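This report refers to the structure that appears directly beneath it.
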């Protein structure tokens, strides 16, 4: 038999998994750590596949085959030496989290598959303790993590050929090797022939049942004693815990560990006692707390969430010619429009200029062109829709045109912003006059802004969002009284698919009773994973803060004709978790001249949460001090502005920075016949320029229409996104890329 050793490839994984499962059938550790009455072979295969893909990227992973045959006869994975005092690289941390989240996703889908979690962690603790005691070489060790040979080919030199691939390299580098074996006989003797020596027993004691592993080490200066016909039983040591170094986490790891846990937490239902948003004062007199006397038992469509997206979906369903007669129920956990739409900045502003570059870098030029065109189209559509309504309603909503400026506070952000705007002008040629770049010297006189390195201005709009959306709902109820029911204070606590019910396959549970529906549409944004738990970490809550502030005595009023934003480089302190987000956004009320200004700066614990019942102290401090720093004339020598009201709100952010729109896929529901749940969520803090037409697009997609000419295709929920970009590990990666304060020049603003 001629044995060929090669690197593991994707095509080899099924055979490698089968080899490992076969070799471990009667392994002592396997018998100890699994309840075989509950053992799930497919779950185990998936877990091994995840581990192997991780090993292909991060370890030395070999397979053995007979020359001319593709059958995998043996598998070996080594971890490369890690110097004890060397800090982990970002790639180390990110790959560790990637492995962790893949395993978490597998557990969510399959469950534990018979794994005795208590015993697993007993083993992990024992392993960490032993390694800390006997790993005395500061340069690290080549760690043989997996070694298996198919039983029918043992004794034919397969293991020896795989072992030699790395031990020769270790000898050439004068490095030591290390392995753990769950069988003493015959493994210790066989490994001894390859230069390994038994060092220590590792006992895993679960108050009675025990598992023992032999700790075996090979020094570089031992004579190579490999024989051709000895193959050991299986050797393996796998982990799914987040990575650590020497048993403790450094600040970066601690911060990423917090992020990973926070984004996977259930956001729950909207809280009952949120902070009071000035947009919602006073509440709408007729629809704020509207509900039916008796909850309807049946409907065609249930829409969960009453923000701008839910309103758009409702309006499109009621007005579309193909849905004549369709009945709709809107469920809202609190008062109508009490979530993010009733708590935001009130801007009808596109971010197309300064986001084109990042979009193109992450999703490609074509996607960036689609997204930025769509953003502009949304602003135009909302302005047109409202202006076709009566003048009294327009005035009530304070809809108006404004001139918008984004002032930039540091050179790096300015370079990125101008590059992005120029690329937008180059690629979206029909809008190449939309933005004007204002150089540094012209900013103070033109915009009364100090210490800016430059600015970008363009036409935009502003509106009172709560009044707009509650007013539209009021009109829909008037126009379609028999087809629309709005049920406030009626949270959806569960959505159950009834596979045997062909007419009404969904049961929606609420505290007021249950509703059976033909379709369910989730417009729940930052709360999406509460009802769709497999979206956890893919869509996650991100809390911001808004305020109303009294203008400074020297600030000249523009009567609501201008709006501003301030952009500077963000930072995230890994020691404290303080996230300075680098963006403020503000507008002037046309009647009172009050400044409505928001920001997201806070500690991570106060950002990665859906709790809008309080305002963090650090957010209040940031907002109270920024206006005197921003405006050249306005506050004189005062260092703080007077905050008249302040509140928090929950945005929905995504791992890949773009919304999630479309049918909920089988991989998220677990049922092939569960095919009529839909979602539009995760607008990443830019909802007013995307939500309205997204709601319309979702309905048209549901009805089988082609919206690809105007709706960004990258927003669509696909299996490819779920596998590659819309993942919890990508969310952690996003936070890991935010620079710490020590690595940035302090911006003047």
Quiz item: Can you tell which of 159, 74, 96 is surrounded by 20 or more Cβ atoms within 10 Å (Cβ to Cβ), touching a residue at least 40 places away in the same chain (Cβ under 8 Å) and in contact with a helix residue (DSSP H, G or I) (Cβ under 6 Å, 6 or more places away or on another chain)?
Solution: 74
Self-check item: Unique residue being at pLDDT below 75 and either surrounded by 14 or more Cβ atoms within 10 Å (Cβ to Cβ) or touching a strand residue (DSSP E or B) at 6+ places or on another chain (Cβ under 9 Å) (or both) when the list is 216, 190
Solution: 216
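Could you tell me whether any residue of segment 645-665 is farther than 29 Å from residue 734 by Cα and touching a strand residue (DSSP E or B) at 6+ places or on another chain (Cβ under 6 Å)? Break it down into steps so the answer makes sense when it comes.
Pass one, segment 645-665, residues farther than 29 Å from residue 734 by Cα: 645.
With the extra rule that they be touching a strand residue (DSSP E or B) at 6+ places or on another chain (Cβ under 6 Å), the set shrinks to 645.
Yes, segment 645-665 has at least one match.
Taking residue 47 as the residue in question, decide whether it is closer than 17 Å to residue 145 by Cα and in contact (Cβ under 8 Å) with a residue 24 or more places away in the chain. It would help to see each step written out before you state the result.
Working: closer than 17 Å to residue 145 by Cα: yes; in contact (Cβ under 8 Å) with a residue 24 or more places away in the chain: yes.
The answer is yes for residue 47.
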Self-check item: Options 38, 25: the member that is under 22 Å from residue 157 (Cα atoms) and outside any helix (DSSP H, G or I)
Solution: 25
Exercise. Examine segment 680-698 for a residue that is assigned to a strand (DSSP E or B) and crowded, with 24+ Cβ neighbours inside 10 Å, and state whether such a residue exists.
Key: yes
Quiz item: Got at least one residue in segment 403-411 being surrounded by fewer than 20 Cβ atoms within 10 Å (Cβ to Cβ), assigned by TED's automatic domain parsing to the domain that holds residue 556 and touching a strand residue (DSSP E or B) at 6+ places or on another chain (Cβ under 7 Å)?
Solution: yes
Self-check item: Residue match in segment 302-317 (condition: outside the structural domain of residue 573 (by TED's automatic domain parsing), touching a helix residue (DSSP H, G or I) at 6+ places or on another chain (Cβ under 9 Å), modelled with pLDDT of 95 or more and in a strand (DSSP E or B))
Solution: yes
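Quickly run through segment 298-332 and pick out the residues that are out of contact with any strand residue (DSSP E or B) (no Cβ under 9 Å at 6 or more places or on another chain) and closer than 23 Å to residue 273 by Cα.
Across segment 298-332, the qualifying residues are 307, 308.
Rundown of residues vs (1) outside the structural domain of residue 100 (by TED's automatic domain parsing); (2) modelled with pLDDT under 95; (3) more than 19 Å from the chain's Cα centre (by Cα); (4) not in a strand (DSSP E or B), yes/no style:
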{"position": "528", "(1), (2), (3), (4)": "yes, no, no, yes"}
{"position": "553", "(1), (2), (3), (4)": "yes, no, yes, yes"}
{"position": "560", "(1), (2), (3), (4)": "yes, no, yes, yes"}
{"position": "564", "(1), (2), (3), (4)": "yes, no, yes, no"}
{"position": "576", "(1), (2), (3), (4)": "yes, yes, yes, yes"}
{"position": "579", "(1), (2), (3), (4)": "yes, no, no, no"}
{"position": "596", "(1), (2), (3), (4)": "yes, no, yes, no"}
{"position": "608", "(1), (2), (3), (4)": "yes, no, no, yes"}
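Run down 680, 641, 672, 655 and say which single residue is free of Cβ contacts under 8 Å to residues at least 12 places away in the same chain and either assigned by TED's automatic domain parsing to the domain that holds residue 368 or over 28 Å from residue 547 (Cβ atoms) (or both).
Details: 680 fails: free of Cβ contacts under 8 Å to residues at least 12 places away in the same chain; 641 fails: free of Cβ contacts under 8 Å to residues at least 12 places away in the same chain; 655 fails: free of Cβ contacts under 8 Å to residues at least 12 places away in the same chain.
Unique residue meeting the criteria: 672.
Just a yes or no: is a residue in segment 44-51 farther than 30 Å from residue 160 by Cβ, crowded, with 19+ Cβ neighbours inside 10 Å, modelled with pLDDT under 85 and in contact with a helix residue (DSSP H, G or I) (Cβ under 9 Å, 6 or more places away or on another chain)? Steps first, please.
As a first pass, look at segment 44-51 and keep what is farther than 30 Å from residue 160 by Cβ: 46.
Narrowing further to those that are crowded, with 19+ Cβ neighbours inside 10 Å: 46.
Filter once more, so that each one left must be modelled with pLDDT under 85: none.
No, segment 44-51 has no match at all.
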Quiz item: Can you find a residue in segment 52-60 that is assigned by TED's automatic domain parsing to the domain that holds residue 190 and either part of a strand (DSSP E or B) or over 25 Å from residue 736 (Cβ atoms) (or both)?
Solution: yes
Practice problem: Go through the residues of segment 188-197 one by one and say whether even a single one is free of Cβ contacts under 8 Å to residues at least 40 places away in the same chain, within 18 Å of residue 29 (Cα to Cα) and in the same structural domain as residue 83 (by TED's automatic domain parsing). | Solution: yes
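Okay, residues lined up against (1) surrounded by fewer than 17 Cβ atoms within 10 Å (Cβ to Cβ); (2) at negative phi; (3) in the same structural domain as residue 302 (by TED's automatic domain parsing); (4) assigned to a strand (DSSP E or B):
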site	(1), (2), (3), (4)
334	no, yes, yes, no
354	no, yes, no, no
370	no, yes, no, no
376	no, yes, no, no
382	no, yes, no, no
396	yes, yes, no, no
401	yes, yes, no, yes
415	yes, yes, no, no
Quiz item: What about residue 138, is it at pLDDT 85 or above and either on the phi > 0 side of the Ramachandran plot or out of contact with any strand residue (DSSP E or B) (no Cβ under 7 Å at 6 or more places or on another chain) (or both)?
Solution: yes
Practice problem: Answer with yes or no whether residue 636 is crowded, with 16+ Cβ neighbours inside 10 Å and either in contact with a strand residue (DSSP E or B) (Cβ under 6 Å, 6 or more places away or on another chain) or not in a strand (DSSP E or B) (or both). | Solution: no
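Scan segment 712-735 for residues that are part of a loop (DSSP other than H, G, I, E, B), surrounded by fewer than 22 Cβ atoms within 10 Å (Cβ to Cβ) and over 12 Å from the mean Cα position of the chain (by Cα) and jot them down. Lay out the reasoning, then the answer.
Within segment 712-735, the first condition is being part of a loop (DSSP other than H, G, I, E, B), and the residues that meet it are 712, 717-718, 725-727.
Imposing the further condition that a residue be surrounded by fewer than 22 Cβ atoms within 10 Å (Cβ to Cβ) reduces the set to 718, 725, 727.
If the condition is that a residue be part of a loop (DSSP other than H, G, I, E, B), surrounded by fewer than 22 Cβ atoms within 10 Å (Cβ to Cβ) and over 12 Å from the mean Cα position of the chain (by Cα), then 718 is the only one that fits.
The values are calculated or read from the model by the stated rules, or taken from the named source; none is laboratory data. None of the values given here were measured: they were computed from a predicted structure. Heads up, the Cβs are rebuilt from the backbone with ideal geometry, glycines too, and the neighbour counts pull from every protein chain shown.
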